[in-house]
Amino acid sequence: MNKYVVVAVISLGITIFSRIITGVLALLYGTASVLSVVISLVVAAVIFVGFIERFRLAWQWGRIIGLFAGIILTFIAVVTFMGARDEPGLWLPSVLVATQGVPLFLMFFALGTNGARAHFRLVCPECGSSEVKGGNFLFTKAQCKQCNLIWD
């Protein structure tokens, strides 16, 4: 497995672990529903397994969700951290949310490297370009944007 993919897997693993802790605490204090905790963990676990199995769709979702969720969670962590000056009980939630959001940026950037693209078979075997798009709906095939070659 490529070192950049290892970084992405570890980053997502940290996020999942932190989400489990946050979810358990939220359920204990009644501030979240079981469904909201389970859905976020299932989506993250599916992407995690997809990274290991080299699914291109997991790469794509990891990049998209990694960026947007990283921005949102980091923003929430900063706002919560700012409120923690007045209310000391907000330190733990702000740290837990930060440990979910910050690794997602690392995952986003790691998946954008050429090594990660090669791991997910996103480099055209014909012309060597890494500018590809989905060759079908589930991204089980890739299509080069330069030479239009489609491969598995």
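The values are calculated or read from the model by the stated rules, or taken from the named source; none is laboratory data. Because the structure is a prediction, the values reported are computed rather than measured. All Cβ positions, glycine included, derive from the backbone under ideal geometry; neighbour counts span all protein chains shown.
Overview of results
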read-out	value
Only listed residue being surrounded by 14 or more Cβ atoms within 10 Å (Cβ to Cβ) and among the small types (Gly, Ala, Ser), chosen from Gly134, Gly89, Gly128	Gly134
Enumeration of residues in the range 70-85 that are assigned to a helix (DSSP H, G or I) and not β-branched (Val, Ile, Thr)	Gly70, Leu73, Phe75, Ala77, Phe81, Met82, Gly83
Verdict on Leu35 being touching a residue at least 24 places away in the same chain (Cβ under 8 Å), in a helix (DSSP H, G or I) and surrounded by fewer than 17 Cβ atoms within 10 Å (Cβ to Cβ)	no
Positions within the range 54-63 being over 10 Å from the mean Cα position of the chain (by Cα) and outside any loop (DSSP other than H, G, I, E, B), in sequence order	Arg56, Leu57
Test: residue in the range 112-119 that is of a type in the set (D, E, K, R) and over 18 Å from the mean Cα position of the chain (by Cα)	no
Residue pairs meeting the criteria (Cβ under 9 Å; at least 6 apart or on separate chains; first outside the structural domain of Gly112 (by TED's automatic domain parsing) and among the acidic types (Asp, Glu), in the range 128-150; second surrounded by fewer than 15 Cβ atoms within 10 Å (Cβ to Cβ) and in a loop (DSSP other than H, G, I, E, B))	Glu131/Lys145; Glu131/Gln146
Residues within the range 93-115 that are touching a residue at least 24 places away in the same chain (Cβ under 8 Å) and under 28 Å from Gly23 (Cβ atoms), tallied	16
Flag if Leu106 is under 19 Å from Ile10 (Cβ atoms), hydrophobic (A, V, I, L, M, F, W, C), at pLDDT 90 or above and surrounded by 14 or more Cβ atoms within 10 Å (Cβ to Cβ)	yes
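The rows are residues; the columns are (1) outside any helix (DSSP H, G or I); (2) surrounded by 14 or more Cβ atoms within 10 Å (Cβ to Cβ); (3) without any contact (Cβ under 8 Å) to a residue 24 or more places away in the chain; (4) of a type in the set (A, V, I, L, M).
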{"site": "Val9", "(1), (2), (3), (4)": "no, yes, no, yes"}
{"site": "Thr15", "(1), (2), (3), (4)": "no, yes, no, no"}
{"site": "Leu25", "(1), (2), (3), (4)": "no, yes, no, yes"}
{"site": "Ala44", "(1), (2), (3), (4)": "no, yes, no, yes"}
{"site": "Ile52", "(1), (2), (3), (4)": "no, no, no, yes"}
{"site": "Phe68", "(1), (2), (3), (4)": "no, no, yes, no"}
